[in-house]
Amino acid sequence: MKISVNSTFSYIKFNLNYGSALQIYALQKALKARGHDVSLLRDYRANPIYILKRLRNVKYFRPFLKKAKAQIQLQKFIRKNIDLSKQCYFSDRGLKKRCPRVDCHIAGSDQIWHNANRFRYLTYVPEDKLKLSYAASFGRANISDEMKGEIAPYLKRFDGISVREASGVSIVNSMGCEAVQVLDPTLLLDWQQYPYEDNDRSAYCYCYFLNLRDKKNVLFDKIREFSKQNGKELLVTAPLNYPLFLEEQLLFPSVSEWLGLYKNADCIFTNTYHGLLFCIIFKKQFLFFIQHGASNVENERFYSLLSMLGLSDRIVDITENPDISEKMQAPIDYEAVYQAIQEKRREAAAFFERFGL
């Protein structure tokens, strides 16, 4: 079957985000393993580029160049590992007029439903074509009645809907449609087989942060002290917020290097969704910092995942002044975690099979 996936292409095209790229790679890989011909829609419209805002960081010349190099490497990864649609799309009209000629269209994964943009709901797809979502996310626990009224007709055109969070199931059900909760596609693969790049570092803590306004929001002084007390090197990757960490060992790895840093780390601190997932994938000791300043509604996607896998104790709320060392060293029962993941993998397979995938 030929399948077109509508995900976060425009975002990974212009941003350095390892998780967004790898979730697309993972879904495509999982579908190909099921015998399908899969391509990612090259849609350039979803995320405007704030070039002038980014150029302000050119004053930090060395890290600015290192990030630019990493972005070039990410594009090489995409070209090598992700099949893209032959056609590029820049408008609703063009997408509707030259809709990919495939058997099935899939919306997802990731936060593609955080607003009411029509094209994210496959409105350009003809009625007679199979329309599904896989692990689509609203990125919040609920949405406004106004948004529901706008997107309900779009969702009713879908043949099957799967979402990433339990709250997404409730949102979809509230509009008179049915949905099932499935795993993020990164949890469908065996990443031990991926050719990640090893490093020669002996003992280190790795930090991967996004959307961070202040180092205090991840208790960075405590993280630094923890790594020092345990005799571990402290490494940081913060693509969007690197000016905060100029005094640290700041890294801008390639995708394979990023996976290698995760694979070989002694422990990991993160505040990102896919940064969290790869801690679980590589069975690491980790702590997750909820987004400070965001509401519980916005943090729900993190709570949903960690609750589903019995890992809620890995959440750090900075307002509680936690003991970082005690929380990090608390053991994780990965046997139980992976039992839950295996069950969810079977549910994902059942969802695909239900529609001939």
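For the reader, a short list of remarks on this structure follows.
- Separation in nanometres of the label points that stand 7 Å from Cα toward Cβ, at TRP191 and THR319: 3.1 nm
- Once the Cα-Cα distance is subtracted from the 0.36 nm per residue extended length, the SER202 to GLU233 segment shows a gain of 10.3 nm.
- Neighbours of ASP198, meaning other residues whose beta-carbon lies under 11 angstrom from its beta-carbon, give a summed charge of -1 when Lys and Arg score +1 and Asp and Glu score -1.
- Ignoring aspartates and glutamates fewer than eight residues from LYS283 along the same chain, the ones with Cα atoms less than 19 angstrom from its Cα are ASP184, ASP190, GLU197, ASP198, GLU257, ASP266, ASP313, GLU326, ASP333, GLU335, GLU343.
- For ASN217, net neighbour charge (Lys/Arg +1, Asp/Glu -1) across residues whose Cβ lies under 15 Å away: 0
- Mean silhouette area of the chain, derived from the convex hull of its C-alpha atoms and averaged over all directions, reads 17.6 nm².
- Cα long-axis angle, helix 296-308 against the chain (0 to 90 degrees, to the nearest 10): 90 degrees
- Net charge dipole, region 191-337: roughly 100 debye, given to the nearest 20, about the Cα centre with Cβ charges of +1 for Lys and Arg and -1 for Asp and Glu.
- Among PHE282, CYS267, THR123 the positive-end extreme of the charge dipole of the chain (Cβ point charges): THR123
- Label separation (ALA166 vs GLU347): 1.0 nm, computed from points 7 Å beyond Cα along the C-beta direction.
- Using the Cβ-Cβ distance between ASN115 and GLU178 with R0 set to 25 Å, the FRET efficiency works out to roughly 0.65.
- Using Cβ point charges alone (K and R +1, D and E -1), the dipole size of the chain about the Cα centre works out to roughly 1800 debye.
- Ordering 231-240, 179-188, 10-19 by mean Cβ neighbour count within 10 Å, with the highest value first, yields 179-188, 10-19, 231-240.
- Charge dipole (the chain, unit charges on Cβ, about Cα centre) - positive-most of LEU74, PHE90, GLY19: PHE90
- Normalised by the number of residues in region 191-337, the mean separation of alpha-carbon contacts (under 8 Å, six or more apart) gives a relative contact order of 25 percent.
- Equivalent ellipsoid semi-axes - Cα gyration tensor, region 1-155, angstrom: 28, 20, 14
- Nearest 10 degrees, 0 to 90: helix 18-33 Cα axis against the chain principal axis: 50 degrees
- Computed Kirkwood radius, in angstrom, where 1/r is averaged over Cα pairs of region 191-337: 15.6 Å
- In the chain, the DSSP-assigned H stretches of four residues or longer account for a calculated mean residue ellipticity at 222 nm of -12000 deg cm²/dmol, using -39500 (n - 2.57) per stretch and the full residue count as denominator.
- In the chain, a dipole from Cβ-located charges (positive for Lys and Arg, negative for Asp and Glu) runs towards its positive end, and of GLN192, PHE245, VAL163 it is PHE245 whose Cα lies farthest in that direction.
Values quoted throughout were computed directly from the atomic coordinates according to the rules given, and no laboratory measurement underlies them. What you are looking at is a predicted structure, and each value in this text was computed from that prediction instead of being measured. Heads up, the Cβs are rebuilt from the backbone with ideal geometry, glycines too, and the neighbour counts pull from every protein chain shown.
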